[in-house]
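One structure is given below, encoded as structure tokens.
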Amino acid sequence: MHELTEEALVAASVDVTWREFTVAGRLTEWFWPPRFETTAVVELRELGRWEVRSAPADLAVEGQVLTVGAPRTLRLAWRWAGEEHSTDVEITLEAAADASTRVIVRHSGFATQEERDQHIEGWSSCLQRLIDRHGGPPGEHL
């Protein structure tokens, strides 16, 4: 099985960044590009739903919450709509300098290297939207 780790430094506190991943209304504002008209459902409890959908893109992640360690860790069973195979996503938030947060995404369980590589690009662009949402890298928005 293949895995990836992507990181981002976000100019927001751990508590604010936690809400970006765990409050459906906030998640829809940045997770995918605006043209995707994203909707989300977040049930922040073990075995709750964590879903992100786009009707225009005909795309959906039908995740399930595996563990909640508020406000530092969130682990999800990640499955694309229409697929049977699920992977494992662990999101870790660490306090960093200047009241910023280091976001670490570990995504494992990919069947192929190609599948993993596609997710590297996806997570990279997703996390960049989160950075941009908070004014860019810490120290550059002053």
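The values are calculated or read from the model by the stated rules, or taken from the named source; none is laboratory data. Note that the structure is a prediction, hence the values are computed from the model and not measured. Cβ coordinates were reconstructed from backbone atoms using ideal geometry, including for glycine residues, and neighbour counts include every protein chain displayed.
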* **Test: A24 is over 19 Å from E90 (Cβ atoms) and touching a helix residue (DSSP H, G or I) at 6+ places or on another chain (Cβ under 8 Å)** => no
* Asked: Tell me, which residue of the stretch 93-121 that is surrounded by 12 or more Cβ atoms within 10 Å (Cβ to Cβ) and at positive phi is modelled with the lowest pLDDT?
  -> A99
* Asked: Just a yes or no: is a residue in the stretch 134-141 in contact with a Gly (Cβ under 9 Å, 6 or more places away or on another chain) and either touching a residue at least 12 places away in the same chain (Cβ under 8 Å) or surrounded by 19 or more Cβ atoms within 10 Å (Cβ to Cβ) (or both)?
  -> yes
* Structure fact -> Per the filter on the stretch 88-122, residues part of a helix (DSSP H, G or I), of a type in the set (A, V, I, L, M) and over 20 Å from P33 (Cβ atoms) are A97, A99
